[in-house]
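Heads up: the structure comes next, in structure tokens.
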Amino acid sequence: MKRVIVVLVSLAVLGGFGLLGYRFIQNRQVSTIAVGESKRQEPEVQQCRERLAQFHQALSSYKNEHKGALPANLEALIPKYVKPDLLVCPTAAYWIGKKMSMEQGALKVKDKTYPMTYGARWLTGGYARSMKRDGERAPLIVCESHGEALFKVAYKLRPPLGAFSEEQRVKWVPEIRDVKALAVLTNGEVVELVPADI
């Protein structure tokens, strides 16, 4: 009986070490893939920053022509202020072209439908609170496509709901845990933000 117990304990210990070893190897692979995808995304991130700045310029032009008011919807910006091809983040466009699904909405303007991956925060109920809290540093338009693509490529699965929340971030490898969203603030500055600040 003692031998059976010793064998069972030994197998449990070995199994535990085996599982830890497997997770370590898996995390190294995920990290390597994430680093490669981050490098691949670098020019797209720069293009995305430029698009966010263009969005801010478009909104400023709209406000100048409408007594300081922001548009009540995105449709009001198309095509006079924003060209429809700017509505999709370059990283999202790349992966959509490779047949990977990316979070996107659709914008219908004059019987034409355009995909959109940017989040228009000024149209949400939280924007007023954000303006009260952060003033001109409130996020105006946000892009979360880079982190979404990084997660999907590295882990080979869709990010679970709230994947980048404070509670869930600790589960991921550092390259994904530390990913930030891009945003243009109300003052026109393009910055990186942790999801909790959006």
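Filtered by the rule that a residue be within 18 Å of the chain's Cα centre (by Cα) and not in a helix (DSSP H, G or I), the range 111-125 gives Pro115, Met116, Thr117, Tyr118, Gly119, Ala120, Thr124. Checked against the criterion of being part of a strand (DSSP E or B), surrounded by fewer than 13 Cβ atoms within 10 Å (Cβ to Cβ), among the aliphatic types (A, V, I, L, M) and modelled with pLDDT under 95, the candidates Ala128, Ala106 yield just one match: Ala106.
Quick check on my filter: what residues within the range 106-142 are within 17 Å of Leu52 (Cβ to Cβ), polar (S, T, N, Q) and touching a strand residue (DSSP E or B) at 6+ places or on another chain (Cβ under 8 Å)? Thr117, Ser130 - these are the residues of the range 106-142 that are within 17 Å of Leu52 (Cβ to Cβ), polar (S, T, N, Q) and touching a strand residue (DSSP E or B) at 6+ places or on another chain (Cβ under 8 Å). Within the range 114-132, residues that are free of Cβ contacts under 8 Å to residues at least 40 places away in the same chain reach partners that are surrounded by 15 or more Cβ atoms within 10 Å (Cβ to Cβ) and part of a helix (DSSP H, G or I) with beta carbons closer than 6 Å, at six or more positions or on different chains, in the pairs Tyr114/Pro84; Thr117/Ala92; Thr117/Ser145; Tyr127/Arg121. Inspection of the range 89-101 identifies at least one residue that is part of a loop (DSSP other than H, G, I, E, B) and surrounded by 19 or more Cβ atoms within 10 Å (Cβ to Cβ). Considering the range 137-159, and only residues there that are in contact (Cβ under 8 Å) with a residue 60 or more places away in the chain and outside any helix (DSSP H, G or I), the residue that is surrounded by the fewest Cβ atoms within 10 Å (Cβ to Cβ) turns out to be Ile141.
Counting the residues of the range 174-190 that are in a loop (DSSP other than H, G, I, E, B), at pLDDT 90 or above and buried (at least 18 other Cβ atoms within 10 Å of the Cβ) gives 1.
Selection of first residues in the range 42-63 that are farther than 13 Å from Val184 by Cα and free of Cβ contacts under 8 Å to residues at least 60 places away in the same chain and of second residues that are among the hydroxyl-bearing types (Ser, Thr, Tyr) and crowded, with 16+ Cβ neighbours inside 10 Å, restricted to Cβ pairs under 8 Å at least 6 apart or on distinct chains, gives the following pairs, ordered by first then second residue: Ser61/Tyr81; Tyr62/Tyr81.
Considering only residues in the range 9-45 that are surrounded by fewer than 11 Cβ atoms within 10 Å (Cβ to Cβ), over 17 Å from Pro174 (Cβ atoms) and within 29 Å of the chain's Cα centre (by Cα), the one that is modelled with the lowest pLDDT turns out to be Tyr22. On the stretch given as the range 160-173, residues that are buried (at least 18 other Cβ atoms within 10 Å of the Cβ) and over 29 Å from Ala53 (Cβ atoms) total 2.
Filtering the range 35-50 to residues that are touching a Leu at 6+ places or on another chain (Cβ under 6 Å) and more than 14 Å from Glu192 (Cα to Cα) leaves only Glu37.
Selection of the range 152-194 for residues being acidic (Asp, Glu) and farther than 24 Å from Met100 by Cα yields Glu166, Glu167, Glu189, Glu192.
The values are calculated or read from the model by the stated rules, or taken from the named source; none is laboratory data. Here the structure is a predicted model, which is why all the values come from computation and not from measurement. Neighbour counts run over all protein chains shown; Cβ positions are idealised from the backbone, glycine included.
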